[in-house]
Amino acid sequence: MIDFDTALALVLNEARPLPCETVAIDAAGDRVLAADLRARGEAPRTAVSAMDGYAVRDIDLATLPARLPVATVAFAGRADVPVLPPGACVRVFTGGPTPHGADRVVVQEIVGRDGDEALFEIPPGPGRHIRAAGSDFGAGDILLAAGTVLGFRAMVAAAAADVATLSVVRKPRVIILGTGDELAEPGQALETPGSIPESVSFGVAALARQCGSEVIARRRLTDTPETLEAAARLALDEADLVVVTGGASVGEKDYARAMFAPFGLDLIFSKVAIKPGKPVWFGRAGGALVLGLPGNPTSALVTARLFLAPLLAGLAGRDPAAWLAWRDMTLTAPLKPCGDRETFERGRRVGDGVAGLEVQDSATQKALANADVLIRRRPGAPGLSAGDAAAVLDF
């Protein structure tokens with residue numbers, strides 16, 4: 001067995017971004033830019049009004065009150081830029097082109113109307129309410145750097161660059177293989193003697209999607225070598241990462257690693273000195289990465305959170321460190337001394353603090369749903385009291 005930090009370093013060594021692909025901008029949301037995004041043109045392309053109001057020359061408001069004829073109207077989207085005649089004004093709307101010759105836009109709230117004339121009775125104030133051409137960005141400016149996650153704010157800038165397609169890091173393709181003769185699809189277990197609902201793959205799939213991956217298949221397999229080997233061959237051909245759950249221990253039907261042996265399985269590590277999750281393993285086979293998770297639900301989800309999440313984030317072009325943001329929180333209840341393996345206790349936030357769950361069994365599913373943090377305990381660590389600090393990770 002290797003320790004947790006060593007195992008994590010080996011995982012992160014493989015967490016390198018996949019090749020890029022070009023996608024339509026409408027499909028680019030939440031993807032990661034593979035190249036700097038430069039603007040095709042400047043914005044705004046011409047000076048525009050920042051308010052609804054009237055474009056004027058300062059000299060024409062030197063004496064108030066003033067009455068100026070409205071020469072024309074400039075809405076947003078007007079193709080030509082009007083010219084402001086001396087002694088007149090132009091009705092403008094937000095985003096409309098500012099007329100040539102205008103010094104400012106006077107907001108409509110302080111301007112009266114009398115037919116085709118505008119009435120200016122009070123000083124307009126210091127604001128000019130004109131956005132200069134190129135004041136947002138210029139042609140060729142980098143609006144978004146490579147590595148940017150295209151969230152909702154970044155997508156606005158991407159569209160403003162006036163591009164129809166974007167170069168993004170390809171989403172990792174993930175296949176999840178659940179092994180075990182005892183497993184049945186949810187909704188069928190009670191009608192199948194000796195079976196239990198297969199639950200782990202649903203949690204793993206949800207986590208994988210949160211990390212920017214595409215789960216292309218979730219397959220439940222019986223513990224027969226021929227079936228497992230055929231499934232391994234198909235998965236390795238289709239996926240960047242194959243996640244196999246169960247079959248990682250030393251039982252007579254624990255075939256998880258053996259199913260990949262015919263395809264040149266190269267183990268990166270085979271066990272990790274952690275609790276829960278000691279049987280977790282990691283390697284390469286047939287050109288794809290393979291991560292083996294324990295079959296017990298809590299063990300599987302803890303190891304998936306610790307290893308799978310940062311691995312997939314890195315493959316998707318994201319920062320794996322974002323999934324490894326440990327921080328200290330104050331305990332609201334004591335913790336027992338830690339055993340000889342590094343332990344990740346399931347806990348829950350309580351106000352500004354955190355408490356370990358009473359149930360720490362690796363097979364539990366109800367308690368798993370109630371946990372929202374992992375509490376890291378070093379091997380041989382003494383017990384902790386309420387009020388002590390503990391390292392926690394969002395779970």
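GLY29: in a loop (DSSP other than H, G, I, E, B), open to solvent by less than 60 Å² (accessible area, probe 1.4 Å) and under 30 Å from ARG104 (Cβ atoms), yes or no? No: the conditions fail for GLY29.
Tell me which residues, restricted to the stretch 114-131, are part of a strand (DSSP E or B), open to solvent by 50 Å² or more (accessible area, probe 1.4 Å) and farther than 21 Å from ALA161 by Cα.
ASP114, GLU117, ILE130 - these are the residues of the stretch 114-131 that are part of a strand (DSSP E or B), open to solvent by 50 Å² or more (accessible area, probe 1.4 Å) and farther than 21 Å from ALA161 by Cα.
Among all residues of the stretch 87-99, there is at least one that is farther than 24 Å from CYS20 by Cβ and hydroxyl-bearing (Ser, Thr, Tyr). Among the listed residues SER199, SER213, identify the single one that is touching a residue at least 12 places away in the same chain (Cβ under 8 Å), under 20 Å from PRO310 (Cα atoms) and in contact with a helix residue (DSSP H, G or I) (Cβ under 7 Å, 6 or more places away or on another chain). The match here is SER213. Close contacts from the stretch 271-296, counting a first residue that is among the aliphatic types (A, V, I, L, M) and open to solvent by 10 Å² or more (accessible area, probe 1.4 Å) and a second that is in a strand (DSSP E or B) and at pLDDT 95 or above, with Cβ to Cβ under 9 Å and a gap of 6+ residues or different chains, come to ALA273/ILE2; ALA273/GLU342. Reported count of residues in the stretch 351-365, each being open to solvent by 20 Å² or more (accessible area, probe 1.4 Å) and either closer than 19 Å to LEU12 by Cβ or assigned to a strand (DSSP E or B) (or both), is 1.
Give the residues of the stretch 61-79 that are buried (at least 18 other Cβ atoms within 10 Å of the Cβ), touching a Gly at 6+ places or on another chain (Cβ under 8 Å) and more than 15 Å from ARG113 (Cα to Cα), sorted by residue number. Correct list: ALA74 only. Within the stretch 212-227, being crowded, with 19+ Cβ neighbours inside 10 Å, at pLDDT 95 or above and of a type outside the set (Ser, Thr, Tyr) holds for one residue alone: VAL215. Residues in the stretch 366-395 that are open to solvent by 30 Å² or more (accessible area, probe 1.4 Å), more than 13 Å from ARG349 (Cα to Cα) and either of a type in the set (S, T, N, Q) or in a loop (DSSP other than H, G, I, E, B) (or both): ARG378, PRO379, GLY380, PRO382, GLY383, SER385, ALA386, GLY387, ASP388. As a summary of the residue check, GLY134 satisfies the conditions (1) open to solvent by 40 Å² or more (accessible area, probe 1.4 Å); (2) out of contact with any Leu (no Cβ under 6 Å at 6 or more places or on another chain) except for the one numbered (1). Kindly provide the set of residues from the stretch 327-350 that are open to solvent by less than 70 Å² (accessible area, probe 1.4 Å), part of a loop (DSSP other than H, G, I, E, B) and under 18 Å from ALA371 (Cα atoms), ordered by number. Answer for the stretch 327-350, where residues must be open to solvent by less than 70 Å² (accessible area, probe 1.4 Å), part of a loop (DSSP other than H, G, I, E, B) and under 18 Å from ALA371 (Cα atoms): THR332, ALA333. Applying the set (1) in contact with a strand residue (DSSP E or B) (Cβ under 9 Å, 6 or more places away or on another chain); (2) open to solvent by 10 Å² or more (accessible area, probe 1.4 Å) to LEU207 leaves exactly one unmet item: (1).
The values are calculated or read from the model by the stated rules, or taken from the named source; none is laboratory data. These numbers come from a predicted model, not from an experiment. Positions of Cβ are generated from backbone atoms using ideal geometry, with glycine treated the same way; all protein chains shown enter the neighbour counts. Accessible surface is based on the protein model in full, side chains and every heavy atom, while ligands, DNA and RNA are left aside. Shrake-Rupley method; radii C 1.70, N 1.55, O 1.52, S 1.80 Å.
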